[in-house]
Amino acid sequence: MANSSTSTEETTLLEGMVYLIILVLLMICFNLLIRLARLYAQQRPIFTKADPEFRNKEKHQNWNWDWVMVFRIQGADEIVTRYQEHYSLRRIVERLNGGGLETKLYKSYDFEKIFCKIRCNYERLKNIAANTGYRLLMKEKEVQERMQNGFRDDQGIVWKGRQIIDEKNQCPSYEYYEFIYGKYDKREQLQSLYEEYPASNSIFRGVDRIKLIMSIMEADIKDEGCSLKLRDLIAKGAILAIFPLHDDLQLHALQNQWLSYFAMPHNQPIETIKDYYGEKVGMYFLFLGHYASWLLYAGIIGIVVFLCENLNEYYPFLIWATLFMCIFISLWTTFFLTSWRHKQSTATMEWGMTGYEELERERTAFIGKLIHSPINGMPIQYFPPGEKAKRIILSYLQVILCMLYVATINAGIFYIYAYISRYPYQDSLAFSFFPKNYNLPLILTFLTIATVTTISNEFFMPFASHLNTIENHVTDTQFEDNLILKVFLFQFVNSYGALFYIILFKGPIPDEIGLIEPWRTRRFSCRPLCFHEAGALLGTIFLVRVILGNILEVVVPYLKMTKRNHQKTDPNKDTNEYDDPFDTEIMRKRQISPAEEQFQKADYDSISLFNDYAELVIQYGYTTLFATAFPLAPLFACANNIIEIRVDGWKLTQNTRRPWPSGAEDIGTWEDVLHLMSVIATVTNALIVSFLSPIFDALTTIQRILIFIGLEFILLGLMLALFINADDSPQDVQIQLDRQEFYASKIILNKRDEEPEDYEDDEKEDIDQEPIIFSSDPQIIDEASIQNKVGAINNGSIINTNRDLSGIDLDDPNDDEE
């Protein structure tokens with residue numbers, strides 16, 4: 001008993017030291033990151049010429065250049081493709097100008113490239129916004145006044161004014177005139193309706209201008225566009241790059257808000273991020289901050305459970321902390337995802353993104369045959385469904401082969417560990433400073449699996465993206481959804497396969513087979529340490545990912561920038577690019593333009609954002625699927641995500657080009673993946689508690705199976721009940737969405753009222769005379785009228801009911817008697 005207690009104390013001490021070292025490393029990375037961010041967040045002097053003819057507040061044009069296209073200067077003897085010859089510099093610039101865009105071309109600092117800056121005037125932006133039905137925010141005061149006044153045309157009232165009163169306080173969070181969006185309309189009477197932004201002195205934010213200019217460039221020539229497939233131009237070598245330009249003033253203000261030491265995850269400047277980078281990037285950081293905030297609560301519980309598990313030898317009742325963690329993590333995932341659905345729907349409504357996916361256009365990379373639509377006869381791009389299904393099947397067969405490949409590698413690593421762990425190798429590999437529960441082969445095995453898992457995930461992403469491109473999906477949403485499915489399938493096997501092997505196979509199966517042939521299976525079994533081995537492997541994989549991620553995203557860029565600063569001090573280099581050009585004492589070359597500087601940075605495209613989401617989802621799996629084996633996972637995930645917010649923010653503001661902005665209604669299929677992983681987490685944690693936890697060591701296998709079934713039935717039933725009873729969006733958000741649709745139909749479309757009889761009294765026309773009102777329906781024949789008629793005919797004698805009354809008109813009360 002004393003030896004067992006000593007071994008447990010040594011293991012706990014070693015784990016505590018490792019976790020402390022990891023936290024110290026994370027703090028060091030965090031400090032380096034903030035120092036680096038603040039160092040390069042300083043505004044440098046940029047001397048530019050004034051452009052009063054274009055940048056004029058009276059014209060509502062308080063901006064300059066928004067896009068830049070980069071061409072390579074080709075040599076006279078250089079061979080070019082037919083595509084590159086067709087889309088030459090001259091042809092592309094002609095199309096840009098033909099689409100109503102302004103351009104300015106200049107050579108790069110090294111005279112090897114040509115930069116073409118692109119911008120658009122206010123009137124052209126309004127035209128494309130009206131043609132595409134671009135949605136804009138309406139002024140609150142204008143909405144309020146127009147809804148109260150109604151609308152009247154030459155023929156009279158179209159829709160009446162009304163005072164909106166929330167009598168039962170059904171929408172306490174919003175006034176009826178807040179967050180009302182509508183399609184842009186060029187009619188003069190509506191120009192004062194749309195919200196104006198001081199930075200641009202117009203109704204368009206910077207991100208709106210960038211989106212609209214991109215629409216012009218990609219629109220067909222017959223729609224007054226440029227008919228340029230931008231991604232094809234890059235992929236086929238016609239241009240080197242095309243990207244939006246940073247706005248130095250807005251970027252500097254965003255960095256000061258974002259890259260700080262003490263801001264909590266939920267206090268990010270989400271509105272500023274969304275207005276600068278677009279709704280898709282804003283939605284990612286909204287989710288990241290929400291996820292990190294909820295991890296803080298799970299991390300606190302995880303610390304308590306970890307302490308209880310390491311003190312259960314002194315206080316036996318603390319052994320039940322593992323079961324508590326299993327129940328807690330199931331409820332935590334349910335409440336977290338429900339809370340996120342509410343937050344997501346709120347953001348979608350406030351950002352005007354409701355119904356965005358329904359308005360999504362075809363991908364420019366979609367390749368199809370031009371045919372006439374069988375519905376409306378208009379030309380459409382057609383790709384045979386049979387050919388697409390064939391490509392999808394072949395893609396998933398290759399994904400399955402990749403899954404089998406990584407599973408085979410993990411199996412081989414475990415077999416090598418089992419081989420070298422047997423006698424006589426185990427004695428020669430034992431070291432006195434390792435606790436009994438951890439030997440050198442086991443530690444090397446875990447490190448190898450963690451490294452192989454991380455590297456395999458990185459290599460699979462480009463391959464999956466290539467498979468997705470071959471499948472030729474119509475929209476970006478379909479492309480991304482299919483890519484998510486491929487990545488999830490592969491990473492689930494690659495990231496969690498080794499852990500499932502320990503939980504499902506390394507413990508139970510060798511025990512059953514070992515009853516017959518113990519000498520064959522003894523070295524493959526982890527009994528009685530399967531619970532600790534699963535936790536150790538999870539901790540190793542999780543922490544290796546955290547360390548490698550921060551080294552690659554923080555330390556390596558820090559070293560590169562330090563080296564770059566050192567190179568700038570070389571006296572043979574020209575360091576005066578940013579000096580005052582009016583200083584005559586300095587002999588200098590021309591100033592490097594911001595576009596040239598930004599071109600040298602890495603590209604942040606949709607795949608980059610996809611990788612950021614995939615990293616979070618895999619982390620979510622490590623945090624929830626095996627939380628009972630490693631209760632500190634939520635704590636380390638929370639610490640990592642607090643740093644990740646700054647890392648990603650630093651990457652976007654200083655290390656990459658400005659990404660192409662895009663709208664987003666939600667986080668897409670990632671939300672479905674999170675729901676699926678939450679259900680699987682309930683199963684895996686119940687398995688760990690039932691079969692690996694020391695709580696039920698004294699029970700038989702059949703009894704453990706019954707406990708697992710009962711626990712699983714209760715937890716899944718509870719999760720299902722909570723999901724069913726939870727609304728997708730809060731009531732006040734749904735009311736505000738209905739208000740958006742109704743007010744836009746009235747204010748912009750002038751939709752007529754369906755009930756004109758509800759007009760006020762003073763709106764009614766004058767009535768010449770009162771209408772005649774009968775005491776009863778004159779078309780109805782009743783018994784009293786029949787008796788009166790017959791009695792009048794017989795001059796008051798007894799009524800003869802057998803008399804033929806067919807010739808008498810009973811409807812008219814004024815008929816003469818016969």
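Report, in listed order, any pair from K186/K229; K117/K141; K183/K651; K107/K229; K274/K746; K113/K229 with a Cα-Cα distance greater than 30 Å.
Working: K186/K229 28 Å; K117/K141 38 Å; K183/K651 34 Å; K107/K229 24 Å; K274/K746 28 Å; K113/K229 21 Å.
Beyond 30 Å: K117/K141; K183/K651.
Can you list which of the GluC sites (Glu not before Pro) found in the stretch 189-274 are DSSP loop residues with at most 15 other C-beta atoms within 10 Å?
Values: sites: E195, E196, E218, E224, E271; in loops: E195, E196, E224.
Loop-located and lightly packed - E195, E196, E224.
5 Å is the cut-off here: which amide hydrogens, built 1.01 Å from N in the peptide plane, fall below it relative to K113, excluding neighbours closer than 5 in sequence?
When sequence neighbours closer than 5 places are left aside, the close amide H contacts are I73, S108.
For the stretch 322-414, with all protein chains present and a 1.4 Å probe, just round the carbon and sulfur fraction of the accessible area to a whole percent. Spell out each step's value before the answer.
Details: 3480 of 5020 Å².
Roughly 69 percent, rounded to a whole number.
Determine by what factor the alpha-carbon radius of gyration of the stretch 192-255 differs from 2.2 N^0.38 Å, reporting the quotient. Walk me through the numbers on the way to the answer.
Numbers: Rg = 15.2 Å, N = 64, 2.2 N^0.38 = 10.7 Å.
In units of the 2.2 N^0.38 Å rule of thumb, it is 1.42.
Can you run phi through the Karplus equation (6.51, -1.76, 1.60; θ = phi - 60°) for the stretch 177-188 and list ³J(HN,Hα) in whole Hz, with x for Gly and Pro?
After applying 6.51 cos²θ - 1.76 cosθ + 1.60, I find 9, 8, 6, 9, 10, x, 5, 5, 10, 7, 4, 4 Hz.
Assign one of three labels to the stretch 309-404, namely rounded, prolate or oblate, based on the Cα gyration tensor with a ≥ b ≥ c the square roots of its eigenvalues; rounded applies when a/c is under 1.5, prolate when it is not and a/b is larger than b/c, and oblate otherwise.
Values: a/c = 5.57, a/b = 2.00, b/c = 2.78.
Cα axes put the stretch 309-404 in the oblate bin.
What are the ³J(HN,Hα) values, in whole Hz, obtained from phi via the Karplus relation 6.51 cos²θ - 1.76 cosθ + 1.60 with θ = phi - 60°, for each residue of the stretch 116-122 in sequence order, with x given for Gly and Pro?
Taking θ as phi minus 60°, the curve returns 10, 7, 10, 8, 9, 7, 5 Hz for the stretch 116-122.
How large is the accessible surface of I164 in square angstrom, using a 1.4 angstrom probe and rounding to the nearest 10?
50
Could you go through the stretch 617-629 in sequence order and give the Karplus-derived ³J(HN,Hα) for each residue, using 6.51 cos²θ - 1.76 cosθ + 1.60 with θ = phi - 60°, rounded to whole Hz, and x for Gly and Pro?
Going residue by residue, I get 5, 4, 4, 4, x, 4, 6, 9, 5, 10, 5, 5, 7 Hz, with x marking Gly and Pro.
Give me the accessible area of K107, 1.4 Å probe, in Å² rounded to the nearest 10.
Around 110 Å² of this residue is reachable by solvent.
Please list the non-local residues whose amide H lies under 5 Å from the amide H of S202, H modeled 1.01 Å from N, same-chain partners needing a gap of 5 or more.
Y197
Taking a ≥ b ≥ c as the square roots of the eigenvalues of the Cα gyration tensor of the stretch 617-744, is the shape rounded (a/c under 1.5), prolate (a/b larger than b/c) or oblate? Display every interim value, and only then the final one.
Numbers: a/c = 3.72, a/b = 1.53, b/c = 2.43.
Because a/c hits 1.5 or more and a/b fails to exceed b/c, the stretch 617-744 counts as oblate.
So between N62 and V304, what do we pick up on full extension, going 0.36 nm a residue minus the alpha carbon distance?
Numbers: separation 242, 0.36 × 242 = 87.12 nm, distance 5.59 nm.
Full extension from N62 to V304 adds 81.5 nm.
Test of the criteria: in the stretch 280-370, which trypsin sites (Lys or Arg not before Pro) are in a DSSP loop and have at most 11 other Cβ atoms within 10 angstrom of their Cβ? Provide the component values of the computation, followed by the final result.
On the way: sites: K280, R341, K343, R361, R363, K369; in loops: R361, R363.
Within the stretch 280-370, no trypsin sites (Lys or Arg not before Pro) qualify (loop, at most 11 other Cβ atoms within 10 Å).
In terms of the Cα gyration tensor, with a ≥ b ≥ c the square roots of its eigenvalues, is the stretch 156-292 rounded because a/c is under 1.5, prolate because a/b exceeds b/c, or oblate?
oblate
Apply 1/(1 + (r/R0)^6) to the Cβ-Cβ distance of H675 and D753, taking R0 = 45 Å, and write down the FRET efficiency to the nearest 0.05.
Details: r = 43 Å, r/R0 = 0.95.
That gives a FRET efficiency of 0.60.
Whenever you get a sec, compute what percent of the accessible area on the stretch 151-247 sits on carbon and sulfur atoms (1.4 Å probe). It would help to have the intermediate numbers written out before the result.
Details: 2100 of 4700 Å².
Solvent-exposed carbon and sulfur of the stretch 151-247 make up 45 percent of the total.
Using amide H atoms built in the peptide plane, which far-off residues or other-chain residues are under 5 Å from K139 H to H?
Residues meeting the criterion, in which the H sits 1.01 Å from N, are Y194, E195.
The values are calculated or read from the model by the stated rules, or taken from the named source; none is laboratory data. Given the structure is predicted, the values throughout are model-derived calculations rather than measurements. Glycine also receives a Cβ, built like all others from the backbone with ideal geometry; neighbour counts cover every protein chain displayed. To get the accessible areas, we keep the full protein, side chains included, count just its heavy atoms, and leave off ligands, DNA and RNA. Shrake-Rupley method; radii C 1.70, N 1.55, O 1.52, S 1.80 Å.
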